[in-house]
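Accompanying notes for the structure given below.
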Amino acid sequence: MTPDLMEQGAQRRAEMAHKVALGQTESGGREAGFGRVHTPGEVDVTHGRILYLEDVNVSFDGFKAINGLSLDIAPGELRCIIGPNGAGKTTMMDIITGKTRPDSGTVFFGSTIDLLRYREAEIAELGIGRKFQKPTVFEQLTVFENLELALKTNKRVFPSMTFRLDSAQSDRLAEVLHTIHLAPSVSRQAGLLSHGQKQWLEIGMLLMQDPKLLLLDEPVAGMTDEETARTAELFLTLKGQHSLMVVEHDMGFIRTISDIVTVLCDGSVLAQGTLDQVQADERVIEVYLGR
Ligand SMILES: Nc1ncnc2c1ncn2[C@@H]1O[C@H](COP(=O)(O)OP(=O)(O)OP(=O)(O)O)[C@@H](O)[C@H]1O
Ligand SMILES: [Mg+2]
C-alpha cells in the first residue's frame, strides 16, 4: 500500500470516529450490528409477547409428554394453566426454565432471547423466577435473612458475597415484606411460619430478584381457605408489574385471579379462553372438569 493511500485511510477512520462521537452516522452513532439492539437486563417485548412457545415437543422413553405445544403470554399478564394430572404442565415449566431440553420447537423470552440457548441458572438470571410446589425456604434463618439471602444470590445485583444492603435494597426488602404480608413476622424464624406463610416467603425471595416472568406451580396446594384468599390478593397485586404463569387445580382460586385460562391436555393446548368459556367446553368437561 502506498503511503498516500494509508494516509487517506487514516483520515477516513478519524472522520468516522468523529461522526460516531457526535451520533451523526446512519445508525445514530450506535455500533453496527444485525437485528435489534439488545440491552442487557431488558426483555424486548415490542411484539407484545414476554413468552412464546411454538410447536414444542418432548418425549420421555417414547412417551410424548409435550406434543406440539404452542402458547404465548403478554407482558404483565396473569395466565392460568389448568389440566388433568400428567397433562404436561410441570414439564412445560421445566422446558421454559431450562431444566428439560425439548426435542424440537421454539421457546423465546421476549422477541430476542432464545431460551433454548441458555442453561437453567442463566435463565433465572435473565429474569424468569420459578416457584416449585414445596416451599424451599431456609428454616433456620429469619424471614429478613431469607429475603436478604435471595438478594445475595442474585449475581446481577451482587458480584461478591461481602455486602451490606444499600438504602434502595432496604426499601425493596421492606416493600416485598409488605407485599407478602410478612412485615409483622420479619424477625421470626422461617421454620416457625405456617405452610402458607412459607409459600409467601418463597415468593418474596423470588420478588427480591425482580423477575420479569414468574412461574408458579400449584402455589395454593395445602393452604387454608384464608391463606388461599390472601394469595389470590397477592397475585392480583403482582399482575401488571410482573408477568405470571400459574398452574393450579383449585378452581375457586382460578376464578378469583384469572383473565385467560389455558387448558393443557396430553401435552398440548386443548382450549383457551375465560374460565366460563373453557368450563363450558365439552372437551374440557370430558377430560378434566367432569371427573
Ligand atoms: N423426567 C421424566 N421422565 C419420564 N417421564 C416424565 C418425566 N417428567 C414428566 N414425565 C411424564 O410426563 C407426563 C407429564 O407430566 P407433568 O408432571 O408435566 O404433568 P402435570 O400436568 O404437571 O401433572 P400434575 O397435575 O399431576 O402435576 C406424565 O405422564 C409424567 O409421568
Ligand atoms: Mg405438575
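No lab work stands behind these numbers, since they all come straight from the coordinates. Keep in mind the model is a prediction, meaning the values are calculated, not measured. Note: ideal-geometry Cβ built from the backbone for every residue, glycine included; neighbour counts use all protein chains shown.
Here are a few things to note about the model shown:
- When peptides 200-208, 177-185, 274-282 are sorted by average Cβ neighbour count within 10 Å, with the highest value leading, the order is 200-208, 177-185, 274-282.
- By the beta-carbon count within 10 Å of each Cβ, the least crowded to most crowded order of Val107, Val45, fewest first, is Val45, Val107.
- For Leu214, neighbours were defined as the other residues whose beta-carbon sits under 13 Å from its Cβ, and their charges (Lys and Arg +1, Asp and Glu -1) total +1.
- Unit Cα scatterers, Debye sum, region 52-115: log10 I(q)/I(0) for q = 0.12, 0.21 Å⁻¹: -0.29, -0.88
- Among the listed pairs Lys64/Lys131; Lys131/Lys239; Lys99/Lys134; Lys99/Lys198; Lys64/Lys212, those with a Cα-Cα distance over 22 Å are Lys64/Lys131; Lys99/Lys198; Lys64/Lys212.
- Semi-axis lengths (Å, descending) of the ellipsoid that matches the C-alpha gyration tensor of region 80-232: 27, 22, 12
- Part-to-part distance (alpha-carbon centres) for region 69-100 and region 258-291, which is given in Å: 14 Å
- Proximal charge balance of Thr91 [Cβ under 15 Å; K/R count +1, D/E count -1]: -2
- Fewest-first ranking of Val247, Val143, Val287, using other Cβ atoms within 10 Å as the exposure measure: Val287, Val247, Val143
- Dividing the radius of gyration of the alpha carbons in region 224-286 by their Kirkwood radius gives 0.99 for Rg/Rh.
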